[in-house]
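So the structure is just underneath, and the comments pick up after that.
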Amino acid sequence: MTALPTRTRLGYSLGSLVTGPFGTVPGLLLLPYLTDTLGVASGVAGAIVFVPKVWDVLFNPFAGRMSDSDLAKTGSRRRFILGGGIGVAVLFAAIFAYPGFANSTADGIYVVVAFFLCATAFAFFQVPFNALPAEITGNYDERTRLTSWRIGVLAVAILFSGGVAPLITTGIGGVAGYRVMGIVVAVLMIGGTIAVFLGTRGAPVGAERPQTTRFSELWATMRSWRSFRWLLGLYFVQSLGISIVLAGVSYAAKYIIGDESAKSLLFAAVVGPALLMMPVWPRIGARWGKVAGFRAASIVLSVALLCLLGAKVLPLWVTLLVAALVGVGYGGVQVFPLAILPDLIEDEEKRTGERRAGIAAGIWTAGDTLGLALGGGIFGQILAAGDYVSSTDANAAQPGSAITAILVGFSVLPAVLVALGIPLLRKSVLDRT
């Protein structure tokens, strides 16, 4: 089969300019925006961060069916991608636009409605975007190249959005900082949307279609597929730990390190080494085995997270080195599950004689999204347990209990969650050998 043109590969991969910021920025900034700008109580703010993301998980199958129907009618999913992407961008900016109702309850309701609508628009973008590789080429190697380009852009998008967004909010400050940040990220998303729409114009539409899976089939698969359950459970718990860290970065920078502008440094210190280690961890896995490599990465991550407990007294440069070690472990716990999953799928398909890739992808995506969404909600409840004081000017004095809650939530709890997954790394279940 003829290779896809560079224009198509690049155009498709630039869609990560939508998925990367949407997956990163709300988890990093939405909770502090609610508690320290809108004055929403921390427990309520945690629910606002969590619930729309859960809706995204539940709504994905419906968005997929609507996208399939449009494909059958028009021969393309590009219309959904364009509408969904622009909708995500506009509604993302709206989340941080600050309605100014002069009432924290009304402001919070506005944000949760805007976030719900944004998550719905994201489903309309994400589902057809994920379906495209299986449709525009039937060549295995070409799909691998297409996915590699996408992951490369995704890494850059996460690093850029996660690093620049906090710089904007801190540099400008207050309501204006969040408004400008929302607009900048929205422009980035619109650029990615247009790139996908134009880049895939004229791309072939193959005969292969994603299967529509009934819930009974999902349940039967999960009941019988022990190795997949273990791997998904491990990945979910560790993703939950990472998402809690992400939600706590802004609070840790301000109240633990004592420098709010350090949140961009903390984020870059984690993500940068994670990206650098992603090609290294597979070599370690090839030498000592994927399960052994996964176990090593988990131990490194857990220990490094626990060491962040000293961030209150350590010099900033030492804390950044510890954060870099967190990134080293984080890179491994991202690489190895995705490296082991295809092996499990292949073995299960050989054992049963039935296709499992589509079902596995759907369940895996739902579990991943739910784990990342739950972190912000949990950190909000941690703040509430520590009697964190919300405000509209981010200058409220915090009691010692709130500082302790932030420190424990940012370091100890994620370390424990990552460590809890290590016993699931059993060679007899996850490794062919």
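Residues that are over 19 Å from Ile81 (Cβ atoms), hydroxyl-bearing (Ser, Thr, Tyr) and either open to solvent by 10 Å² or more (accessible area, probe 1.4 Å) or modelled with pLDDT under 85 (or both): does segment 144-158 have at least one? Among the residues of segment 144-158, at least one is over 19 Å from Ile81 (Cβ atoms), hydroxyl-bearing (Ser, Thr, Tyr) and either open to solvent by 10 Å² or more (accessible area, probe 1.4 Å) or modelled with pLDDT under 85 (or both), which makes the answer yes. Does Ala274 satisfy being crowded, with 24+ Cβ neighbours inside 10 Å, within 14 Å of Ala323 (Cα to Cα) and not basic (Lys, Arg)? Considered against the rule, which asks whether it is crowded, with 24+ Cβ neighbours inside 10 Å, within 14 Å of Ala323 (Cα to Cα) and not basic (Lys, Arg), Ala274 comes out as yes. Only a single item in (1) surrounded by fewer than 23 Cβ atoms within 10 Å (Cβ to Cβ); (2) assigned to a helix (DSSP H, G or I) is not met by Pro99, and it is number (2). Reported count of residues in segment 363-404, each being without any contact (Cβ under 8 Å) to a residue 12 or more places away in the chain and crowded, with 16+ Cβ neighbours inside 10 Å, is 0.
Residue-level analysis places Ile172 among those that are open to solvent by 20 Å² or more (accessible area, probe 1.4 Å) and modelled with pLDDT of 85 or more.
If you go through segment 337-356, how many residues are modelled with pLDDT under 65 and either buried (at least 16 other Cβ atoms within 10 Å of the Cβ) or of a type in the set (Asp, Glu) (or both)? Even if it seems obvious, please write down each step before you answer.
Kept after step one, since they are modelled with pLDDT under 65, are these residues of segment 337-356: 354-356.
Next, only the ones that are either buried (at least 16 other Cβ atoms within 10 Å of the Cβ) or of a type in the set (Asp, Glu) (or both) stay: 354, 356.
The qualifying residues number 2.
Please go through segment 1-36 and give me each residue that is touching a residue at least 12 places away in the same chain (Cβ under 8 Å), open to solvent by 10 Å² or more (accessible area, probe 1.4 Å) and either in a loop (DSSP other than H, G, I, E, B) or of a type in the set (Gly, Ala, Ser) (or both), ordered by number. Result: Met1, Ala3, Leu4, Leu14, Gly23, Gly27.
Condition test on Ala220, is it assigned to a loop (DSSP other than H, G, I, E, B), modelled with pLDDT under 75 and farther than 25 Å from Gly23 by Cα? Give the steps one after another, and end with the answer.
Working: assigned to a loop (DSSP other than H, G, I, E, B): no; modelled with pLDDT under 75: yes; farther than 25 Å from Gly23 by Cα: yes.
Considered against the rule, which asks whether it is assigned to a loop (DSSP other than H, G, I, E, B), modelled with pLDDT under 75 and farther than 25 Å from Gly23 by Cα, Ala220 comes out as no.
Every condition in (1) more than 16 Å from Val184 (Cα to Cα); (2) at pLDDT 80 or above holds for Thr24 except the one numbered (1). Restricting segment 311-331 to residues that are open to solvent by less than 20 Å² (accessible area, probe 1.4 Å) and not aliphatic (A, V, I, L, M), which is farthest from Ile406 (Cα to Cα)? Step by step, filter segment 311-331, then rank; the result is Gly331.
Condition check ((1) under 13 Å from Phe197 (Cβ atoms); (2) over 23 Å from the mean Cα position of the chain (by Cα); (3) hydrophobic (A, V, I, L, M, F, W, C)) across all residues:
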| position | (1), (2), (3) |
| --- | --- |
| Arg77 | yes, yes, no |
| Phe80 | yes, no, yes |
| Gly83 | yes, no, no |
| Leu91 | no, no, yes |
| Gly100 | no, yes, no |
| Asp107 | no, yes, no |
| Thr120 | no, no, no |
| Phe125 | yes, no, yes |
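The values are calculated or read from the model by the stated rules, or taken from the named source; none is laboratory data. Please read these numbers as outputs of a predicted model, since none were measured by experiment. Here Cβ is always computed from backbone atoms with ideal geometry, including for glycine, and neighbour counts include all displayed protein chains. In case anyone asks, the SASA skips ligands and DNA or RNA and just uses the protein heavy atoms, side chains included. Shrake-Rupley method; radii C 1.70, N 1.55, O 1.52, S 1.80 Å.
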